[in-house]
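A short worksheet on the structure shown next.
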Amino acid sequence: MNTELLNKKIKAAFIGLCGILAPLTWGGVGGGLLTSCSDFLEVESRDEILLENFWNEKADVEGILAGCYSRLQDENTVKRMMIWGEVRSENFVAGNLGNEDGSLENVLKENINALNAYTSWVDFYDVINRCNTLIEYAPAVAAADPSYTQSELQGHIAEVRALRSLCYFYLIRTFYNVPYSTQAYIHDNQKMDLEALPFNQVLDSLIADLRDISDRRLAVEYYPETKPNYQTGRITNDAVNAMLCEMYLWKQDYDNCIAYADKVIASKQKRAEEKRQRTSSSSYSVNTTQTRYNGFPLTDGSLSATYGSNYYDAGYNSIFVGGNDDETIFELIYDNNATAKGMIRNDAVALLYGNAQVNGLLAPSNYVSDDVSGEQYQVYDAKNKKLDTRAYINCISGSSPLVCKMAMESAYMNASTPSNPKSYYIISGSWNKDGTWNMRGTNTSNWVIYRLSDIMLLKAEALAQKMVDGNDPEILEANSSLADQAFLLVNAVNKRALAQATSELTDTLVRTDYRSKSQMETLVLKERHRELMFEGKRWYDLVRHSLRKGDSSDLTSAVLKKVSTNQGFIQNFLSNKQTFPYQLFWPYGYDEEYNVNLNLQKTHNPAFGSGKNSNIDTNN
């Protein structure tokens, strides 16, 4: 490819707006889910407007802000959240249609090189540059437009600073060392070939930026009840604190991780109690919260003899399909009537998840899909006696395993005959007991980036890491307080998933089984696996665990559970001590990044070869 032409292509992608700004509509929000075409999260392109004629009034700023969110919703961006954060783990194998995407098939085989399409990061840098552009130009608009107040300006800049931090956090967790800039790239004469900065340096910059937003409370705390999409679909103070919680965990600063988790939990508890006192439609009761969820305001999924609907059921409070759930902290919102309104659909989920024989490129591995039916109980604990609803609503086993999570309109367990757990089955509008399947024609499930159970388990992980290694009675006693706190969090998440009435609930996890640091660490990692499966979290969890441990043995063991061939290659590659930890991350893309930005050659990923020619061999 012509280098000059390619450079222009990359500059256009990095700028996102190709040198000219395409503003996006943004109006008020009604009481329903994206009820009008003027909604903030309903975006449509207008005619392109030259830069110098654009930044004149508040609506211009609001249009670009809406564009930052809509770009995150884009199919290519969400696909990367899935593939970067999940697909290399033991959760996925190729569906019957997987060979339609050679790059995805190679990711599943751990056969990644710089030519793989999913090494492209331009979608995230597009969002970053939109955010940087708003930060640069919005202050002049506030000075020129009296209707654009300083408090609104401050809030908008806080939002895009947080969105920028989120994008960079995805990039460093995926590529390790990445180019970092807070400068807007608008003009053709700007130098684009930035050097990649070290992981920890970028992470520290993100934390400092978010700390400033959180400490000064620059982000919105609560949006009006009349704008439910805003509370979960836009950056709030809770979303900023959730990001800080996870970033501090990667930094191995466990005290700060716990402190910011506590901020999120306290905010959710306060909000839930206020809602309970104000309305009878709250998604939880005091009794359920105290007895089932150990005092944490998780969304209730216990409805008569059916359980698990809290994860997705359009008819009830649910996290993914219903959306705007009380448990959710930040999500990408899609509309349940997208086609009629010209809205954005969740095409990434529609393409990758669901029926692997009909339209899904991915399928759950036998390791996770047959775990319960085959009575392996490596993912879902045998103590649950097949009561864990997540074993069924995440996926279903069989000759053609299906990824159900976010791909079905509704699913829950029928527990009408508790004396016979094997009789439990999922019933839903699109999947019947006989196994017939009708895929959702238009997938509009929300893509949740942070929710309360995720933050609770991040805090539990930090608590476990503060424990001391060893099994001596003195050490176990010294660890007891931290272990108690971690277990309380894990047990609450676990109990929510059980197909038992609160009045009949029996803990399937027993505190005395998890006394040592290693036992508690394993429990937390397994519970995150069960709770957050297919949500773009698993690979990042395994990488974080490997970095902390100093080797990739546990990650390698996990990945090998899904493969029956090529085990030797995967074993050797993932376990290579000479290239640790680089084999856990991705190479820079050749066509769109590496060949254009020669500075990246200084920091290329040594586990994936030099990238200097088109015949890049993995682990060259």
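So what's the convex hull volume per residue for the Cα atoms of the range 512-558, in Å³?
Hull volume normalised by residue count: 72 Å³.
Calculate, axis by axis, the spread of Cα positions in the range 473-529 along the three principal axes, and write the results as whole Å, longest axis first.
38, 24, 15
Once you put a point 7 Å from the Cα of THR522 and another 7 Å from the Cα of ASP255, both along the Cβ direction, what distance in nm separates them?
Result: 3.1 nm between the two label points.
When the chain is fully extended, how far beyond the present Cα-Cα distance does ASN471 get from ASP215, taking 0.36 nm per residue of separation?
Stretched fully, the ASN471-ASP215 segment lengthens by 88.2 nm.
In nm, what is the difference between 0.36 nm times the number of residues separating ASP513 and THR226 and their Cα-Cα distance?
Result: 98.7 nm gained on full extension.
Give the residue list of chymotrypsin sites (Phe, Trp or Tyr not before Pro) in the range 54-145 that are DSSP loop and have at most 13 other beta-carbon atoms within 10 angstrom.
In loop regions of the range 54-145 (DSSP not H, G, I, E or B), there are no sparsely surrounded chymotrypsin sites (Phe, Trp or Tyr not before Pro).
Taking N as the number of residues in the range 226-273, what is its alpha-carbon radius of gyration divided by 2.2 N^0.38 Å? Walk me through the intermediate numbers first.
Working: Rg = 12.0 Å, N = 48, 2.2 N^0.38 = 9.6 Å.
My calculation over the Cα atoms of the range 226-273 gives 1.25.
Using R₀ = 45 Å, calculate the FRET efficiency as 1/(1 + (r/R₀)^6) where r is the Cβ-Cβ separation of THR182 and SER553; round to 0.05.
The value I calculate is 0.75.
Past 30 Å, Cα to Cα: identify those pairs from LYS79/LYS562; LYS275/LYS466; LYS109/LYS537, in the order given.
Over 30 Å apart, Cα to Cα: LYS275/LYS466.
Here, each number is a calculation from the coordinates, and none is a lab measurement. Everything numeric in this text was worked out from a predicted model, so none of it was measured. For neighbour counting, all protein chains shown are included, and Cβ atoms are generated from backbone atoms with ideal geometry for every residue, glycine included.
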